[in-house]
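Bear in mind that the values in this text are calculations on the coordinates, not laboratory data. Treat the numbers as computed from the prediction; the structure is a model and nothing was measured. Using ideal geometry, Cβ is built from the backbone for each residue, glycine included, and neighbour counts are taken over all protein chains shown.
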């Protein structure tokens, strides 16, 4: 999938999420509190971008496949349960 980033502005952690385009974002998780969700986009190089759905101009957090795999494994194992 092609994302409309400028060749002089490579995809990087903290870049404005809007620079990744508006297509390709999905909401694998949603809440019941007014639509504030986390959206994710799988990038062409395998990395995963994450943004706040209610603020498309917010910074995108960009994770490598290894980082995302580790994060999801930790969540599934209960490592983030203290946040609830």
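For segment 17-78, what is the convex hull (Cα atoms) projected area averaged across all directions, in square nanometres? Present the calculation step by step, with values, prior to reporting the outcome.
Working: hull surface 18.5 nm².
Average of the hull's projected areas for segment 17-78 equals 4.6 nm².
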For segment 17-78: relative contact order, % (alpha-carbon pairs under 8 angstrom, 6 or more apart): 25
Residue 29 versus residue 76: modelled label distance in nm, points set 7 Å from Cα along the beta carbon direction: 1.5
